[in-house]
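Next up is a structure, given as structure tokens.
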Amino acid sequence: AGLVFSQESILERIKGLPDVAEVKIVDSDSLFKETFEIKFSQPLDHADPNGKKFLQYVYLSHRDAGGPMVINTEGYSVRRNSPTELSRLLKANQLTVEYRFYGKSKSDSITSHSFSQSSAERITASP
């Protein structure tokens with residue numbers, strides 16, 4: 001039978017997640033029913049969670065609530081949210097995560113000098 005969710009309920013569920021700053025529906029590949037662009041508020045430095053924040057971009061491409069989920073760590077920037085080969089083969093939902101401090105997922109306060117001074121711990125930190 002599978003689970004049934006309306007577009008509104010998925011959107012509302014995403015909006016209710018911790019640290020979601022913004023979510024919107026964006027153009028979707030025909031493999032998916034809809035795709036959501038989600039911006040999570042992240043601390044610039046996890047050692048200082050009350051310090052400066054930036055937005056990290058994540059794309060949730062939804063096909064079937066009862067189907068598998070493929071997580072795609074896109075890397076340096078998400079140029080286009082398109083299905084991975086594995087998502088196509090498995091007819092899966094897909095979560096695409098852009099790396100911290102790359103592409104659109106970086107703070108305006110990061111300069112090449114401050115970025116080069118960042119430690120590996122700070123760059124690869126996760127909540």
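Each value in this text was obtained by applying a stated rule to the coordinates, not by laboratory testing. Since we're looking at a predicted model, the values are computed, not measured. Cβ coordinates were reconstructed from backbone atoms using ideal geometry, including for glycine residues, and neighbour counts include every protein chain displayed.
Which order do the peptides 54-67, 37-50, 10-23 take when ranked by the mean count of other beta-carbon atoms within 10 Å per residue, highest first?
Sorting 54-67, 37-50, 10-23 by mean packing, highest first, produces 54-67, 37-50, 10-23.
Can you pick out the pairs among Lys15/Lys52; Lys15/Lys53; Lys53/Lys91 whose Cα atoms lie more than 28 Å from each other?
Long pairs (Cα-Cα over 28 Å): Lys53/Lys91.
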